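A quick write-up on the structure given underneath.
The values are calculated or read from the model by the stated rules, or taken from the named source; none is laboratory data. Worth saying up front: this structure is predicted, and the values here are computed from it rather than measured. Every residue, glycine as well, gets a Cβ built from its backbone with ideal geometry; the counts of neighbours run over all protein chains shown. For the accessible areas, the whole protein counts, side chains as well, though only heavy atoms, and no ligand, DNA or RNA atoms are used. Shrake-Rupley method; radii C 1.70, N 1.55, O 1.52, S 1.80 Å.
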Amino acid sequence: MNHGYTYQSTLAASEAMHWRIEDIIGGEKRLDFSKPFMPEALAQVEPLSFLNAKEKKILNQIRGNTYLCIFGLVEEFILPFVLDQVRPQLQPDDFRSRALLQFATEEAKHIQLFKQFRREFADGFNTNCPVIGPPEAIANEILSHDPLGVALVTLHIEWMVQNHYVDSVKDNQELDPQFKSLLRHHWLEEVQHAKLDTLMVEQIAAERTEDEILKGVEEYLAIGGFIDGGLTQQVEFDMASLMDATGRYFNEAQKEEFRKVQLKANRWTYLGSGMTHPKVLETLESLSPKARQRVESISPAFC
Ligand SMILES: [Fe+2]
Ligand SMILES: [Fe+2]
(Lines give C-alpha, C1' and ligand atoms only; values in the text may rest on other atoms or scores of the structure.)
(Ligands and ions follow the chains in the order given, each with its own letter.)
Protein backbone atom coordinates (compact mmCIF):
# COMPACT_ATOMS: atom_id res chain seq x y z
CA MET A 1 0.00 0.00 0.00
CA ASN A 2 1.25 3.44 -0.89
CA HIS A 3 1.01 5.23 2.46
CA GLY A 4 4.74 5.86 2.96
CA TYR A 5 4.74 4.89 6.66
CA THR A 6 8.01 3.43 7.94
CA TYR A 7 9.22 2.25 11.33
CA GLN A 8 12.17 4.66 11.12
CA SER A 9 10.07 7.78 10.45
CA THR A 10 7.43 6.97 13.09
CA LEU A 11 10.18 6.36 15.66
CA ALA A 12 11.79 9.72 14.82
CA ALA A 13 8.41 11.51 15.10
CA SER A 14 7.68 9.79 18.39
CA GLU A 15 11.04 10.75 19.89
CA ALA A 16 10.49 14.39 18.90
CA MET A 17 7.00 14.38 20.47
CA HIS A 18 7.81 12.92 23.88
CA TRP A 19 6.01 14.29 27.00
CA ARG A 20 5.91 13.22 30.66
CA ILE A 21 2.79 12.53 32.75
CA GLU A 22 3.83 15.09 35.39
CA ASP A 23 4.01 17.78 32.70
CA ILE A 24 0.31 17.47 31.89
CA ILE A 25 -1.57 16.42 35.05
CA GLY A 26 -1.31 17.09 38.80
CA GLY A 27 -0.28 20.09 40.92
CA GLU A 28 -1.78 23.29 39.52
CA LYS A 29 -3.18 21.49 36.49
CA ARG A 30 -6.72 20.82 37.74
CA LEU A 31 -9.96 19.90 36.02
CA ASP A 32 -12.51 22.72 35.81
CA PHE A 33 -15.91 21.27 36.65
CA SER A 34 -17.68 24.46 35.55
CA LYS A 35 -16.98 23.48 31.91
CA PRO A 36 -17.90 20.55 29.65
CA PHE A 37 -15.18 17.94 28.99
CA MET A 38 -16.44 16.29 25.80
CA PRO A 39 -17.43 17.73 22.42
CA GLU A 40 -21.17 17.45 21.79
CA ALA A 41 -20.49 15.44 18.60
CA LEU A 42 -19.45 12.55 20.89
CA ALA A 43 -21.34 13.24 24.13
CA GLN A 44 -24.72 13.91 22.44
CA VAL A 45 -26.40 15.19 25.61
CA GLU A 46 -28.43 17.94 23.86
CA PRO A 47 -31.17 15.62 22.46
CA LEU A 48 -32.08 14.58 26.05
CA SER A 49 -35.05 16.94 26.39
CA PHE A 50 -35.83 16.05 30.02
CA LEU A 51 -32.43 17.30 31.28
CA ASN A 52 -31.75 20.95 32.14
CA ALA A 53 -28.48 22.70 31.17
CA LYS A 54 -26.72 21.86 34.44
CA GLU A 55 -27.70 18.19 34.23
CA LYS A 56 -26.50 18.04 30.62
CA LYS A 57 -23.12 19.39 31.71
CA ILE A 58 -22.90 16.79 34.48
CA LEU A 59 -23.68 14.02 31.98
CA ASN A 60 -21.09 15.46 29.61
CA GLN A 61 -18.47 15.20 32.40
CA ILE A 62 -19.55 11.63 33.23
CA ARG A 63 -19.09 10.78 29.54
CA GLY A 64 -15.64 12.43 29.64
CA ASN A 65 -14.61 10.29 32.59
CA THR A 66 -15.93 7.17 30.86
CA TYR A 67 -14.14 8.11 27.64
CA LEU A 68 -10.69 8.25 29.23
CA CYS A 69 -11.39 5.17 31.37
CA ILE A 70 -12.39 3.19 28.26
CA PHE A 71 -9.17 4.26 26.56
CA GLY A 72 -7.25 3.09 29.62
CA LEU A 73 -9.15 -0.18 29.34
CA VAL A 74 -8.49 -0.87 25.65
CA GLU A 75 -4.86 0.12 25.99
CA GLU A 76 -4.50 -2.75 28.47
CA PHE A 77 -4.92 -5.17 25.56
CA ILE A 78 -2.97 -3.07 23.06
CA LEU A 79 0.14 -3.07 25.28
CA PRO A 80 0.59 -6.90 25.48
CA PHE A 81 -0.49 -7.28 21.86
CA VAL A 82 2.26 -4.94 20.64
CA LEU A 83 4.84 -6.66 22.87
CA ASP A 84 3.78 -10.01 21.36
CA GLN A 85 4.50 -8.61 17.89
CA VAL A 86 8.01 -7.51 18.85
CA ARG A 87 9.38 -10.54 20.71
CA PRO A 88 9.40 -13.17 17.89
CA GLN A 89 11.12 -10.82 15.41
CA LEU A 90 13.76 -8.71 17.14
CA GLN A 91 16.00 -8.94 14.06
CA PRO A 92 16.86 -7.87 11.41
CA ASP A 93 14.98 -4.54 11.55
CA ASP A 94 16.23 -2.53 14.56
CA PHE A 95 13.89 0.36 13.69
CA ARG A 96 10.89 -2.00 13.83
CA SER A 97 11.86 -3.27 17.29
CA ARG A 98 12.52 0.21 18.61
CA ALA A 99 9.38 1.77 17.09
CA LEU A 100 7.12 -0.97 18.48
CA LEU A 101 8.79 -0.88 21.92
CA GLN A 102 8.33 2.90 21.94
CA PHE A 103 4.66 2.34 21.03
CA ALA A 104 4.31 -0.08 23.98
CA THR A 105 6.05 2.36 26.34
CA GLU A 106 3.67 5.13 25.31
CA GLU A 107 0.60 2.93 25.86
CA ALA A 108 1.89 1.99 29.33
CA LYS A 109 2.27 5.72 30.00
CA HIS A 110 -1.26 6.44 28.74
CA ILE A 111 -2.68 3.70 30.99
CA GLN A 112 -0.98 5.34 33.97
CA LEU A 113 -2.10 8.82 32.86
CA PHE A 114 -5.74 7.72 32.61
CA LYS A 115 -5.57 6.08 36.06
CA GLN A 116 -4.30 9.34 37.49
CA PHE A 117 -7.03 11.25 35.67
CA ARG A 118 -9.64 8.89 37.12
CA ARG A 119 -8.40 9.64 40.67
CA GLU A 120 -8.51 13.40 40.04
CA PHE A 121 -11.98 13.14 38.51
CA ALA A 122 -13.21 11.13 41.52
CA ASP A 123 -11.80 13.77 43.91
CA GLY A 124 -13.51 16.67 42.12
CA PHE A 125 -16.78 15.09 40.98
CA ASN A 126 -17.78 13.61 44.34
CA THR A 127 -19.99 10.83 42.92
CA ASN A 128 -18.72 7.36 42.14
CA CYS A 129 -18.98 6.70 38.39
CA PRO A 130 -18.60 2.98 37.56
CA VAL A 131 -16.94 1.90 34.31
CA ILE A 132 -17.08 -1.54 32.66
CA GLY A 133 -14.27 -3.94 33.49
CA PRO A 134 -12.19 -5.39 34.97
CA PRO A 135 -9.53 -4.45 32.41
CA GLU A 136 -7.67 -7.78 32.61
CA ALA A 137 -10.83 -9.78 31.82
CA ILE A 138 -11.64 -7.54 28.83
CA ALA A 139 -8.04 -7.75 27.58
CA ASN A 140 -8.03 -11.55 27.89
CA GLU A 141 -11.28 -11.86 25.96
CA ILE A 142 -10.04 -9.60 23.13
CA LEU A 143 -6.59 -11.24 22.97
CA SER A 144 -8.20 -14.70 22.63
CA HIS A 145 -9.17 -13.70 19.05
CA ASP A 146 -7.21 -14.09 15.78
CA PRO A 147 -4.22 -11.67 15.79
CA LEU A 148 -5.42 -10.06 12.53
CA GLY A 149 -8.77 -9.29 14.19
CA VAL A 150 -6.96 -7.81 17.21
CA ALA A 151 -4.63 -5.77 14.96
CA LEU A 152 -7.64 -4.40 13.03
CA VAL A 153 -9.40 -3.37 16.27
CA THR A 154 -6.21 -1.60 17.33
CA LEU A 155 -5.98 0.17 13.96
CA HIS A 156 -9.66 1.18 14.30
CA ILE A 157 -9.10 2.60 17.82
CA GLU A 158 -6.03 4.65 16.93
CA TRP A 159 -7.57 6.20 13.80
CA MET A 160 -10.77 6.84 15.73
CA VAL A 161 -8.76 8.96 18.20
CA GLN A 162 -7.51 11.04 15.24
CA ASN A 163 -11.04 11.58 14.03
CA HIS A 164 -12.31 12.64 17.49
CA TYR A 165 -9.51 15.10 18.20
CA VAL A 166 -9.19 16.72 14.78
CA ASP A 167 -12.91 16.89 13.96
CA SER A 168 -14.41 17.92 17.27
CA VAL A 169 -11.88 18.76 20.01
CA LYS A 170 -9.01 20.74 18.45
CA ASP A 171 -10.92 23.96 17.65
CA ASN A 172 -13.53 23.66 20.40
CA GLN A 173 -13.16 26.64 22.77
CA GLU A 174 -15.90 25.56 25.20
CA LEU A 175 -14.14 22.56 26.72
CA ASP A 176 -12.19 22.47 29.98
CA PRO A 177 -8.59 23.33 28.93
CA GLN A 178 -7.12 20.66 31.22
CA PHE A 179 -9.29 17.88 29.79
CA LYS A 180 -8.54 19.16 26.31
CA SER A 181 -4.82 19.09 27.06
CA LEU A 182 -5.06 15.40 28.05
CA LEU A 183 -6.82 14.66 24.77
CA ARG A 184 -4.25 16.65 22.80
CA HIS A 185 -1.23 14.95 24.35
CA HIS A 186 -2.80 11.54 23.88
CA TRP A 187 -3.62 12.34 20.25
CA LEU A 188 -0.04 13.51 19.55
CA GLU A 189 1.32 10.03 20.30
CA GLU A 190 -1.60 8.12 18.82
CA VAL A 191 -0.76 9.57 15.38
CA GLN A 192 2.35 7.38 15.31
CA HIS A 193 0.48 4.38 16.70
CA ALA A 194 -2.07 4.50 13.88
CA LYS A 195 0.77 4.31 11.34
CA LEU A 196 2.49 1.46 13.19
CA ASP A 197 -0.85 -0.41 13.38
CA THR A 198 -1.12 -0.12 9.60
CA LEU A 199 2.33 -1.71 9.24
CA MET A 200 1.41 -4.46 11.76
CA VAL A 201 -1.84 -5.28 9.96
CA GLU A 202 -0.02 -5.47 6.63
CA GLN A 203 2.66 -7.74 8.05
CA ILE A 204 0.15 -10.14 9.64
CA ALA A 205 -1.96 -10.22 6.47
CA ALA A 206 1.02 -10.67 4.12
CA GLU A 207 1.31 -14.37 4.97
CA ARG A 208 -2.42 -15.09 4.55
CA THR A 209 -4.74 -16.22 1.76
CA GLU A 210 -7.82 -14.09 1.06
CA ASP A 211 -10.02 -16.53 3.00
CA GLU A 212 -7.72 -16.28 6.01
CA ILE A 213 -7.81 -12.48 5.77
CA LEU A 214 -11.61 -12.50 5.67
CA LYS A 215 -11.62 -14.78 8.71
CA GLY A 216 -9.55 -12.10 10.51
CA VAL A 217 -12.11 -9.47 9.47
CA GLU A 218 -14.90 -11.60 10.98
CA GLU A 219 -12.90 -11.74 14.21
CA TYR A 220 -12.56 -7.94 14.12
CA LEU A 221 -16.35 -7.71 13.84
CA ALA A 222 -16.78 -10.25 16.66
CA ILE A 223 -14.58 -8.11 18.94
CA GLY A 224 -16.70 -5.10 17.89
CA GLY A 225 -19.79 -7.05 19.00
CA PHE A 226 -18.14 -7.76 22.35
CA ILE A 227 -17.32 -4.04 22.78
CA ASP A 228 -20.91 -3.17 21.84
CA GLY A 229 -22.16 -5.38 24.70
CA GLY A 230 -19.86 -3.43 27.04
CA LEU A 231 -21.22 -0.11 25.75
CA THR A 232 -24.80 -1.22 26.41
CA GLN A 233 -23.79 -1.90 30.02
CA GLN A 234 -21.88 1.39 30.21
CA VAL A 235 -24.99 3.38 29.24
CA GLU A 236 -26.74 1.89 32.31
CA PHE A 237 -23.76 2.84 34.49
CA ASP A 238 -23.70 6.40 33.12
CA MET A 239 -27.44 6.79 33.71
CA ALA A 240 -27.07 5.56 37.31
CA SER A 241 -24.11 7.95 37.83
CA LEU A 242 -26.18 10.86 36.49
CA MET A 243 -29.10 10.05 38.80
CA ASP A 244 -26.68 9.80 41.75
CA ALA A 245 -24.92 13.05 40.88
CA THR A 246 -28.13 15.06 40.33
CA GLY A 247 -30.25 13.41 43.03
CA ARG A 248 -32.96 13.00 40.39
CA TYR A 249 -34.71 9.71 39.67
CA PHE A 250 -35.84 9.29 36.05
CA ASN A 251 -39.17 7.69 35.15
CA GLU A 252 -39.36 4.77 32.69
CA ALA A 253 -39.99 6.96 29.63
CA GLN A 254 -37.00 9.15 30.51
CA LYS A 255 -34.81 6.08 31.06
CA GLU A 256 -35.79 4.73 27.66
CA GLU A 257 -35.00 8.06 26.02
CA PHE A 258 -31.62 8.09 27.79
CA ARG A 259 -30.79 4.55 26.61
CA LYS A 260 -31.78 5.28 23.01
CA VAL A 261 -29.83 8.55 22.70
CA GLN A 262 -26.78 7.48 24.68
CA LEU A 263 -26.37 4.03 23.13
CA LYS A 264 -26.36 5.68 19.71
CA ALA A 265 -23.80 8.24 20.98
CA ASN A 266 -21.58 5.51 22.44
CA ARG A 267 -21.82 3.38 19.31
CA TRP A 268 -20.74 6.30 17.15
CA THR A 269 -17.94 7.29 19.54
CA TYR A 270 -16.28 3.88 19.90
CA LEU A 271 -17.45 1.84 16.88
CA GLY A 272 -18.93 3.85 13.98
CA SER A 273 -16.27 6.57 13.90
CA GLY A 274 -13.54 3.89 13.64
CA MET A 275 -15.32 1.55 11.19
CA THR A 276 -15.97 4.42 8.77
CA HIS A 277 -12.57 6.14 9.10
CA PRO A 278 -11.12 6.53 5.57
CA LYS A 279 -7.70 5.21 6.68
CA VAL A 280 -9.24 2.07 8.20
CA LEU A 281 -11.24 1.52 5.00
CA GLU A 282 -8.13 2.06 2.84
CA THR A 283 -6.20 -0.55 4.80
CA LEU A 284 -9.10 -3.02 4.59
CA GLU A 285 -9.37 -2.42 0.85
CA SER A 286 -5.64 -3.07 0.42
CA LEU A 287 -6.06 -6.45 2.16
CA SER A 288 -9.07 -7.38 0.01
CA PRO A 289 -11.93 -5.37 -1.52
CA LYS A 290 -14.24 -7.94 0.13
CA ALA A 291 -12.82 -7.00 3.55
CA ARG A 292 -13.82 -3.37 3.04
CA GLN A 293 -17.25 -4.32 1.66
CA ARG A 294 -17.93 -6.59 4.64
CA VAL A 295 -17.17 -3.82 7.18
CA GLU A 296 -19.13 -1.25 5.16
CA SER A 297 -22.14 -3.59 5.20
CA ILE A 298 -22.14 -3.56 9.03
CA SER A 299 -21.00 -0.02 9.95
CA PRO A 300 -24.35 1.83 9.36
CA ALA A 301 -25.70 0.11 12.51
CA PHE A 302 -23.12 2.04 14.55
CA CYS A 303 -23.42 5.45 12.87
FE1 LIG B 1 -2.91 5.58 23.94
FE1 LIG C 1 -2.21 4.15 21.04
* Structure fact -> Ordering T232, T66 by the accessible surface of their heavy atoms, 1.4 Å probe, largest first, yields T232, T66
* Asked: Quick one: if you stick a label point 7 Å off each Cα along the C-beta vector at L188 and A206, how many nm between them?
  -> 3.2 nm
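Using only Cα atoms, figure out Rg for the chain and give it as a multiple of 2.2 N^0.38 Å. Walk me through the numbers on the way to the answer.
Numbers: Rg = 19.3 Å, N = 303, 2.2 N^0.38 = 19.3 Å.
In units of the globular-protein estimate, the chain measures up at 1.00.
If you take the C-alpha gyration tensor of region 56-175, multiply each eigenvalue by 5 and take the square root, what semi-axes do you get, largest first, in whole Å? Can you show the working numbers first?
Details: eigenvalues 176, 57, 36 Å².
Equivalent ellipsoid semi-axes, largest first: 30, 17, 13 Å.
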* Asked: Carbon-plus-sulfur fraction of the accessible area of the chain, 1.4 Å probe, in percent?
  -> 52 percent
* D94 versus D244, label points 7 Å from Cα toward the beta carbon: distance in nm? -> 5.2 nm
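Only helical DSSP H runs with n ≥ 4 go in: add -39500 (n - 2.57) per run for the chain, normalise by residue count and round the 222 nm mean residue ellipticity to 500 deg cm²/dmol. The partial results should precede the final answer.
Values: 12 runs with 215 residues, N = 303.
Estimated from H runs of four or more residues: -24000 deg cm²/dmol.
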* Asked: Can you give the three extents of the C-alpha atoms in region 180-288 along their principal axes, from longest to shortest, in whole Å?
  -> 56, 35, 17
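Would you work out the relative contact order for region 212-289, in percent, from Cα pairs under 8 angstrom that are 6 or more residues apart? Display every interim value, and only then the final one.
Values: 20 pairs, mean separation 30.2, N = 78.
In percent, rounded to a whole number, it is 39.
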* Length gain on complete extension for the stretch Q112 to S297, per 0.36 nm per residue less the alpha carbon to alpha carbon distance? -> 62.9 nm
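In region 65-144, what GluC sites (Glu not before Pro) fall in a loop by DSSP, with at most 11 other Cβ atoms inside 10 Å?
Details: sites: E75, E76, E106, E107, E120, E136, E141; in loops: none.
Filter output for region 65-144: empty list.
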* Where does the charge balance sit around T198 when Lys and Arg score +1, Asp and Glu -1, over other residues with C-beta under 15 Å from its C-beta? -> -2
* Asked: How far apart, in nm, are two points set 7 Å out from the Cα along the Cα-to-Cβ line at T127 and at L143?
  -> 3.5 nm
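Can you tell me the dipole magnitude for the chain around its Cα centre, using point charges on the Cβ only (Lys, Arg +1; Asp, Glu -1), in Debye to the nearest 20? Walk me through the numbers before you get to the answer.
Details: 31 positive and 45 negative charges, 146 e Å.
Roughly 700 debye, rounded to the nearest 20.
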* When we measure straight from the Cα of K264, which lysines land under 28 angstrom away, once same-chain ones fewer than 8 places off are left out? -> K35, K54, K56, K57, K115, K170, K180, K215, K255, K279, K290
* To do: Determine the sum of side-chain charges near P36: Lys and Arg each +1, Asp and Glu each -1, restricted to other residues whose C-beta is under 13 angstrom from that of P36.
  => 0
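Please report the equivalent ellipsoid semi-axes of region 15-98, computed as sqrt(5 x eigenvalue) of the Cα gyration tensor, largest first, in whole Å.
Values: eigenvalues 293, 62, 20 Å².
So the three semi-axes of region 15-98 are 38, 18, 10 Å.
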* Please report how far the C-alpha centroid of region 41-68 lies from that of region 185-230, rounded to the nearest whole angstrom. => 30 Å
* Asked: How high is the relative contact order of the chain, given as a whole-number percent (alpha carbon pairs under 8 Å, six or more residues apart)?
  -> 27 percent
* To do: Treat every Asp and Glu Cβ in region 212-286 as -1 and every Lys and Arg Cβ as +1, leave all other atoms uncharged, and give the resulting dipole magnitude about the Cα centre to the nearest 20 debye.
  => 260 debye
